[in-house]
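Values in this text are rule-based calculations from the coordinates and carry no lab data. Owing to the predicted nature of the structure, the values given are computational and were not obtained by experimental measurement. When we count neighbours, we look across all protein chains shown, and the Cβ atoms used for this are built from the backbone with ideal geometry, even at glycine.
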Amino acid sequence: MNMPLPITHVATTDIKDMMSPAPGRRMALPGFAEEFVDFPHYIIRITDRIWHDRDIDLCLEWYTSDCLIHTLGGDIVGAQTVADNTRSTLAVFNDRRLDADNVIWSEDEPGTFYSSHLITSKMTHTGAGEFGPATGKRVRVQTIADCLCKDNRIFREWLVRDNLGLVMQLGLDPDAIAARLSAADGERKFSLIDFHAGNRANVEARQPSHGHDSPAVGTSLAALSSVWQARSAKHAEDIYDFRVAGAYPGGAALYGPDDLCRWFEPLWAAFPDLSLSIDHVAEIGYLGDARDVAVRWSATGLHTGQGRYGSPTGAPIFFMGVSHMRVMNGRVREDVCVWDDLAVRRQIAEARR
């Protein structure tokens, strides 16, 4: 009797095996095309076809016509808009790749699947776009795309990319870029601060917890709480492994809980009243007893302190981020935390206009 093949584990599987897996379903996947052996394979395969095969019109097949995509810079609606934005991005970075580091997933309701897709993009700035004229510089940026999928289509997505790290690698001034983008908002009578008013209210209404914590999820949420809420270096030492590897906006590469807390100190100073909510949690196995946990979260606070973002403006600021944590032996060993810090600076620039 043949044993069923395991569900695709993106973090440990070679890309060739993910592109050409052994045929046959490895999990129940009602409503999805037969070519997909399981849900992680669906996510990897459609990304590869759209971005690497450059078959951009497949967006119209794999996104619903009214899909809602949330970014910190504003929402995007519809499969056609997704296709148009993909073309625009490739016009600016014509060799952009989306290499899969991990897919952490869950089945939130029967037939409705949630993916948290950690991506590393390597690309060359070959065209003019929102960041200015082409620089010819080669950059590497991390992105996380959280998608809700049903019946072979994405119907909702939360997209976070390290745009701060991107503009820094291009040799540009992030605050000057944020001010320019905010000025363009003003010209079209758009307020990013007002746009996020409902999101800020949702953060304040939620508790920073999750209803069915496993040990690994509990550790991950405690790690987020220790840096965003408790702001405690001692607490962080209890939650993070002493050799934890951290990746944060701006391309920050950190080592150890002391580095993590030191990196957060200017953020804490800028927002003394930061509050956090947990919006979604997914968990899968890694190797052995290690677990991979994806947490989508939101945070808000008043910019009332002198810190990372310059002189205080008093503005209410909204953050939307995703953290991928690898939990080993009861502690966080790796922490990849992505949010669009350029859009945070854009909110602050709006308050200064």
**Report entry** Gyration tensor verdict on segment 197-264 (Cα atoms; rounded if a/c is under 1.5, prolate if a/b is larger than b/c, oblate otherwise)
**Finding:** oblate
Query raised in the report: How far, in nm, would the chain grow between residue 13 and residue 230 when pulled straight, counting 0.36 nm per residue and subtracting the alpha carbon separation?
Result: 74.4 nm
Requested in this report: With +1 on each Lys and Arg Cβ and -1 on each Asp and Glu Cβ, and nothing else charged, work out how big the dipole of the chain is about its Cα centre, in Debye to the nearest 20.
Outcome: 760 debye
Query raised in the report: Which Cα, out of 198, 166, 43, lies furthest along the positive dipole direction of the chain (beta carbon charges, K/R +1, D/E -1)?
Result: 166
Report summary line: Note, residue 152: beta-carbon cut-off 11 Å, +1 each Lys/Arg, -1 each Asp/Glu, net -2
Query raised in the report: Could you name the lysines in cross-link range of residue 122, using Cα to Cα under 20 Å and dropping any fewer than eight places away on the same chain?
Result: 16, 137
Query raised in the report: Of 229, 312, 92, whose Cα points farthest to the positive end of the dipole of the chain (charges on the beta-carbon: +1 Lys, Arg; -1 Asp, Glu; origin at the Cα centre)?
Result: 312
Query raised in the report: What is the gain in length, in nm to one decimal, between residue 65 and residue 89 on full extension, counting 0.36 nm per residue of separation less the C-alpha to C-alpha distance?
Result: 6.6 nm
Report task. Would you please classify the overall shape of segment 132-188 from the alpha carbon gyration tensor, given that a ≥ b ≥ c denote the square roots of the eigenvalues, rounded means a/c under 1.5, and beyond that prolate means a/b larger than b/c while oblate covers the rest? Result -> oblate
Requested in this report: Pick out which of 343, 134, 179 has the largest mean-square fluctuation in a Gaussian network model of the chain, springs linking Cα atoms closer than 10 Å.
Outcome: 134
Report summary line: Here the FRET efficiency for residue 80 versus residue 311, based on Cβ atoms and R0 = 41 Å and rounded to 0.05, is 0.45
Requested in this report: Please work out whether segment 192-352 counts as rounded, prolate or oblate from its C-alpha gyration tensor, where a ≥ b ≥ c are the square roots of the eigenvalues and a/c under 1.5 means rounded, while otherwise a/b larger than b/c means prolate and anything else oblate?
Outcome: prolate
Query raised in the report: Relative to a virtual label point 7 Å from the Cα of residue 252 in the Cα→beta-carbon direction, which members of segment 260-275 show backbone nitrogen distances below 13 Å?
Result: 260-271
Query raised in the report: How would you rank 337, 261, going from fewest to most other Cβ atoms within 10 Å of each one's own Cβ?
Result: 261, 337
Report summary line: For segment 186-307, whose charge dipole is built from +1 on Lys and Arg Cβ atoms and -1 on Asp and Glu Cβ atoms, the candidate among 242, 186, 271 with its Cα farthest towards the positive end is 186
